[in-house]
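S.K.: Before anything else, here's the structure in question.
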Amino acid sequence: MKFALVLWLLVWAGMYTNISYVQQTNFLASKYSFIQGIRSLFPLVAIFLCLLTVFASRYRRIPFFRSPLELFFFYAFVGFIAAVMSTDPVISLYMNLAYLAPIMVTWYAMNKKDPLDNIRTIIHANYVILTLLVCIFLPSALGRGLIGWNSLPFNLGEVNRNGIGRYALVVMLVSFVRGVTPKKMKKLLYGILFVSAIVLFSQAQSRTALLGLSVTVMLLFFFRRIGWRFIFILPLFTYLIWLVGYQWRAEADFERLISLTGREQIWQQGLEVISTSPFYGWGFLSDRLLLEGEHMHNAYLSTLIQTGFLGTIFFVLGFIGVWVLIIRGRFFKRARELQGAEKFLLIESIVIIGILSVRSLFESTATFYGVDLVILVPHIAYIQLMAKKFSAKTQSSSP
């Protein structure tokens, strides 16, 4: 097993918990608090092992302004300064370090031998984990139905319907893109996953996931040469958006469909907090600490409240930078020309980055340690590496 994969699994191991369990007085006495508390430390262990390996190999280059991914690194760096302002510096610093974990592990993987292969392994690990999550929640969706918050096995945490809809959407995308395989068993497996993900997606009735599906439809239009499946899948996805979003979730009420469900009040409260520390913010997780457990439901307001204007600049430039790479590198055209695994991963990376980019308007996407960040980071890394590969190929072919 590749060491990069081991580090990545440590990053995932800290999901759905936080260091507050370690702070509890019954941490050692309670088996549940102990397990959750130990899990919360795994992302920090990943950072430690990553840095230990890097320094042992005498690799000294620190990420700087060379790529979109490294701009996210600097967004996190500003968070360390902002943590001084936090009402709970311990939690803020922990979330800051946890945020850095997937970035540092990805950075490590990109600077070892066969970086593209390392990143592919990490992306496939994400796909396997998301598929397992879909399988875990599917029986509940077929039984009692999904509720606001849904428990993971063994009390490992809870996931809301928005999160489940996001997992199902990624599995839908991947199983659709890869269902073109000529191998009958793989084709059957992808078909089963595709149908299962649609069922779970429909039950989740997540509006942000439906928005993500709309983006998927639009982006897949640019990859229409992926085959005849495109002709049939677009009407299906469009019908799914209408049925699940308009008929079921909104109960055929357009105003209910576009309602912000109280987000505008949270945004107003957040803006008032932001105005009290506009340059450096209040540290990571400050929205939950200062807004009675609420989060900003907008990535850019979330970065403002956490790291102020300084951190937000890095965060926004990171998102813009990856789209600049995609557009300038003519990735849509190149993806249509590629074959095999590279074609699949390039299409998936562009669409997933598109989904999360739009999701950032209504959720705190990739602004703190969470599933969105862990999904996003390796796809950005893949785009960066492919841009470098395409550039090298262009230069070598020029006279």
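The values are calculated or read from the model by the stated rules, or taken from the named source; none is laboratory data. What you see is a predicted model, and the numbers here were worked out from it, not measured in a lab. We place every Cβ from the backbone using ideal geometry, glycine too, and count neighbours over all the protein chains shown.
S.K.: Quick test of your reading of the structure: Val159 fulfils all but one of (1) crowded, with 19+ Cβ neighbours inside 10 Å; (2) over 16 Å from the mean Cα position of the chain (by Cα); (3) outside any helix (DSSP H, G or I). Name the failing condition by number.
M.R.: The number of the failed condition is (2).
S.K.: Tell me whether region 207-224 contains one or more residues that are at pLDDT below 80, surrounded by fewer than 13 Cβ atoms within 10 Å (Cβ to Cβ) and out of contact with any Phe, Trp or Tyr (no Cβ under 9 Å at 6 or more places or on another chain).
M.R.: no
S.K.: Looking at Val78, Val45, Val105 in this structure, which one is within 26 Å of Ile123 (Cα to Cα) and in contact (Cβ under 8 Å) with a residue 60 or more places away in the chain? Steps first, please.
M.R.: Values: Val78 fails: within 26 Å of Ile123 (Cα to Cα); Val45 fails: in contact (Cβ under 8 Å) with a residue 60 or more places away in the chain.
So the residue among Val78, Val45, Val105 that is within 26 Å of Ile123 (Cα to Cα) and in contact (Cβ under 8 Å) with a residue 60 or more places away in the chain is Val105.
S.K.: Quick one: is Phe284 assigned to a helix (DSSP H, G or I) and either over 16 Å from Phe390 (Cβ atoms) or in contact with a Leu (Cβ under 8 Å, 6 or more places away or on another chain) (or both)?
M.R.: Values: assigned to a helix (DSSP H, G or I): no; either over 16 Å from Phe390 (Cβ atoms) or in contact with a Leu (Cβ under 8 Å, 6 or more places away or on another chain) (or both): yes.
No, not satisfied.
S.K.: For region 30-48, state whether one or more residues are outside any helix (DSSP H, G or I) and not polar (S, T, N, Q).
M.R.: Taking region 30-48 first, the residues outside any helix (DSSP H, G or I) are 30.
After this cut, where a residue has to be not polar (S, T, N, Q) as well, the list is none.
So far as region 30-48 goes, no, none of its residues is outside any helix (DSSP H, G or I) and not polar (S, T, N, Q).
S.K.: If you take the residues in region 290-307 that are assigned to a helix (DSSP H, G or I) and either of a type outside the set (Val, Ile, Thr) or under 24 Å from Leu346 (Cβ atoms) (or both), which one is modelled with the lowest pLDDT? Show your work before the answer.
M.R.: Of the residues in region 290-307, the ones assigned to a helix (DSSP H, G or I) are 290, 299-307.
Cutting the leftovers down to either of a type outside the set (Val, Ile, Thr) or under 24 Å from Leu346 (Cβ atoms) (or both) gives us 290, 299-302, 304, 306.
Details: Leu290: 89, Ala299: 94, Tyr300: 95, Leu301: 94, Ser302: 95, Leu304: 95, Gln306: 95.
Here the residue is Leu290.
S.K.: Which condition number in (1) modelled with pLDDT of 90 or more; (2) under 23 Å from Thr208 (Cβ atoms); (3) not aliphatic (A, V, I, L, M) is the one that Gly321 fails?
M.R.: (2)
S.K.: Next up: From (1) at pLDDT 95 or above; (2) surrounded by 23 or more Cβ atoms within 10 Å (Cβ to Cβ); (3) more than 27 Å from Arg120 (Cβ to Cβ), pick out the condition that doesn't hold for Gly283.
M.R.: Going through the list (1) at pLDDT 95 or above; (2) surrounded by 23 or more Cβ atoms within 10 Å (Cβ to Cβ); (3) more than 27 Å from Arg120 (Cβ to Cβ), Gly283 breaks only (1).
S.K.: Can we say Leu138 is in contact (Cβ under 8 Å) with a residue 24 or more places away in the chain and not polar (S, T, N, Q)?
M.R.: On the way: in contact (Cβ under 8 Å) with a residue 24 or more places away in the chain: yes; not polar (S, T, N, Q): yes.
So Leu138 passes the test.
S.K.: In region 71-96, what residues are surrounded by fewer than 23 Cβ atoms within 10 Å (Cβ to Cβ) and farther than 14 Å from Ala366 by Cα?
M.R.: Within region 71-96, Phe77, Phe80, Ile81, Val84, Met85, Thr87, Asp88, Pro89, Val90, Ile91, Leu93 qualify.
S.K.: Identify, please: which residue in region 119-156 is among the small types (Gly, Ala, Ser) and assigned to a helix (DSSP H, G or I) and is, among those, nearest to the chain's Cα centre (by Cα)? Step through it out loud before you land on a result.
M.R.: Residues of region 119-156 that are among the small types (Gly, Ala, Ser), as a first pass: 125, 140-141, 143, 145, 148, 151.
Checking the rest, the ones that are also assigned to a helix (DSSP H, G or I) come to 125, 140-141.
Numbers: Ala125: 13, Ser140: 24, Ala141: 23 Å.
Only one residue tops the list, namely Ala125.
Results for (1) in contact with a His (Cβ under 7 Å, 6 or more places away or on another chain); (2) surrounded by fewer than 20 Cβ atoms within 10 Å (Cβ to Cβ); (3) over 27 Å from Met386 (Cβ atoms), shown as yes or no for each residue.
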position: Ile47; (1), (2), (3): no, no, no
position: Val54; (1), (2), (3): no, yes, no
position: Ala98; (1), (2), (3): no, no, yes
position: Pro102; (1), (2), (3): no, no, no
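S.K.: Here's another thing I want to ask about it. Residues of region 116-149 being farther than 30 Å from Leu385 by Cβ, modelled with pLDDT of 85 or more and of a type outside the set (Phe, Trp, Tyr), which ones?
M.R.: First, pick out the residues of region 116-149 that are farther than 30 Å from Leu385 by Cβ: 135-149.
When the remaining residues are screened for being modelled with pLDDT of 85 or more, the result is 135-139.
Listed by number, the residues that qualify are Cys135, Ile136, Leu138, Pro139.
S.K.: Return the only residue of Ile347, Ile326 being under 17 Å from the mean Cα position of the chain (by Cα) and under 25 Å from Ala4 (Cβ atoms).
M.R.: Answer to the check: Ile347.
S.K.: Report yes if some residue within region 308-318 is under 15 Å from the mean Cα position of the chain (by Cα) and either part of a helix (DSSP H, G or I) or within 19 Å of Pro115 (Cβ to Cβ) (or both); otherwise report no. Break it down into steps so the answer makes sense when it comes.
M.R.: Going through region 308-318, the residues under 15 Å from the mean Cα position of the chain (by Cα) turn out to be 315, 318.
If we keep only those that are either part of a helix (DSSP H, G or I) or within 19 Å of Pro115 (Cβ to Cβ) (or both) as well, we get 315, 318.
Yes, there is a match, as at least one residue in region 308-318 is under 15 Å from the mean Cα position of the chain (by Cα) and either part of a helix (DSSP H, G or I) or within 19 Å of Pro115 (Cβ to Cβ) (or both).
S.K.: Check Gln384, Gln339 and return the single one that is farther than 18 Å from Ile103 by Cβ and either touching a Ser or Thr at 6+ places or on another chain (Cβ under 6 Å) or surrounded by fewer than 19 Cβ atoms within 10 Å (Cβ to Cβ) (or both). Let's see the steps before the verdict.
M.R.: Values: Gln384 fails: farther than 18 Å from Ile103 by Cβ.
Residue meeting the stated conditions: Gln339.
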